[in-house]
Each structure stands twice: as C-alpha cells, then as structure tokens.
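Novice: This is the structure I have questions about; it appears just below.
The values are calculated or read from the model by the stated rules, or taken from the named source; none is laboratory data. Just so you know, these numbers come straight off a predicted model, no measurement behind them. Cβ placement follows ideal geometry from the backbone for every residue including glycine, while neighbour counts extend to all protein chains displayed. Note: accessible area is taken over every heavy atom of the protein model, side chains too, but ligands, DNA and RNA are not part of it. Shrake-Rupley method; radii C 1.70, N 1.55, O 1.52, S 1.80 Å.
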Amino acid sequence: MPKKKYQIEFSIKSSPSLLYNYISNPSGLSEWFADNVNSRGEKYTFIWDGHEESAFLMKSKQDGYVRFQWEYDEDTKYFFELTIVEDDLTNDVSLVITDFADEDEVEESKQLWESQIEDLKKILGSV
C-alpha cells in the first residue's frame, strides 16, 4: 500500500541561516532530531537510543531546504524535506516539513514531528 504524503508548517523565530545550520549539519541535527548524527559524504547516520537509521542527503539549498531519503526507502519516491520559508512582507520564518507515512500512521508521524520541532524551538529560543 503506498504511503501518504503530508506537510506540516511551524512558525520559527530564527534567521533562515541559523535555522539551516540546525537542519543540515550533523551537529545541529544532533541537538534536536536524534541523539547523535554522523555523516560521511551524502550519507547521514541517525542514532536514537542505540538504534541507527541511515539516510541520504538528496538535495539541499543553502538557507532554503534539505531533502533526505531513508536508506530503506531507496528506489522509491519517498523522502522527508525540511523547507525554510520567509515571508517577504513580515520576514516571519516558517519550517515546512514534507514527509510520507502509511495512511494509519500519518497522525502519529505528525505528532513525532511536532515533538521534535518543539525541541528545535527550545534550542533556538523560539518558544
């Protein structure tokens, strides 16, 4: 059964360049996304409670977005992307998450992102 694509948006009080460092660098990702993150070239290894998952950095644009694909999703169209959006008029910054989940796991997946983004906001002083 195909996974369902979804997007969620979070308002973040941060500059795009600072936020980009937290979504693209292993050290930044280690502060909020996983217990530890290592990278070797385009391959990132995410570690939670001793469990490892690997993903490939598919695309990125400085201060714009990062797109990863989990190793187990290789050869599929599935990915997760974190996009920084800055409003031209207000300069408000948002982080838009695009991800895929099984139909019956979308809400649980969104809640996991919400929890992780709350951690990111605390680190950025954006709460």
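Novice: Of all residues being surrounded by fewer than 14 Cβ atoms within 10 Å (Cβ to Cβ) and touching a residue at least 60 places away in the same chain (Cβ under 8 Å) in the range 103-115, which is nearest to F10 (Cα to Cα)? Just the residue, please.
Specialist: The qualifying residue nearest to F10 (Cα to Cα) is E114.
Novice: Could you tell me whether Y78 is of a type in the set (F, W, Y), more than 15 Å from K5 (Cβ to Cβ) and at pLDDT 95 or above? Outline the logic, then answer.
Specialist: Details: of a type in the set (F, W, Y): yes; more than 15 Å from K5 (Cβ to Cβ): no; at pLDDT 95 or above: yes.
No; evaluated as a whole, the condition is false for this residue.
Novice: Restrict the check to the range 30-53 and report whether at least one residue is farther than 23 Å from L18 by Cα and surrounded by 17 or more Cβ atoms within 10 Å (Cβ to Cβ).
Specialist: No, the range 30-53 contains no residue that is farther than 23 Å from L18 by Cα and surrounded by 17 or more Cβ atoms within 10 Å (Cβ to Cβ).
Novice: Among the listed residues T90, T83, T45, T98, identify the single one that is among the β-branched types (V, I, T) and in contact (Cβ under 8 Å) with a residue 24 or more places away in the chain. Please lay out each step first, then the result.
Specialist: Details: T90 fails: in contact (Cβ under 8 Å) with a residue 24 or more places away in the chain; T83 fails: in contact (Cβ under 8 Å) with a residue 24 or more places away in the chain; T45 fails: in contact (Cβ under 8 Å) with a residue 24 or more places away in the chain.
The match here is T98.
Novice: Tell me whether the range 95-102 contains one or more residues that are of a type in the set (D, E, K, R), out of contact with any Phe, Trp or Tyr (no Cβ under 6 Å at 6 or more places or on another chain) and open to solvent by 60 Å² or more (accessible area, probe 1.4 Å).
Specialist: No, because not a single residue in the range 95-102 is of a type in the set (D, E, K, R), out of contact with any Phe, Trp or Tyr (no Cβ under 6 Å at 6 or more places or on another chain) and open to solvent by 60 Å² or more (accessible area, probe 1.4 Å).
Novice: Follow-up. Take the range 64-77 and flag every residue that is within 22 Å of P26 (Cβ to Cβ) and open to solvent by 30 Å² or more (accessible area, probe 1.4 Å).
Specialist: Y65, R67, W70, E71, Y72, E74 - these are the residues of the range 64-77 that are within 22 Å of P26 (Cβ to Cβ) and open to solvent by 30 Å² or more (accessible area, probe 1.4 Å).
Novice: Yes or no: the range 101-119 includes at least one residue that is of a type in the set (F, W, Y), touching a strand residue (DSSP E or B) at 6+ places or on another chain (Cβ under 8 Å) and outside any strand (DSSP E or B).
Specialist: Yes, the range 101-119 contains a residue that is of a type in the set (F, W, Y), touching a strand residue (DSSP E or B) at 6+ places or on another chain (Cβ under 8 Å) and outside any strand (DSSP E or B).
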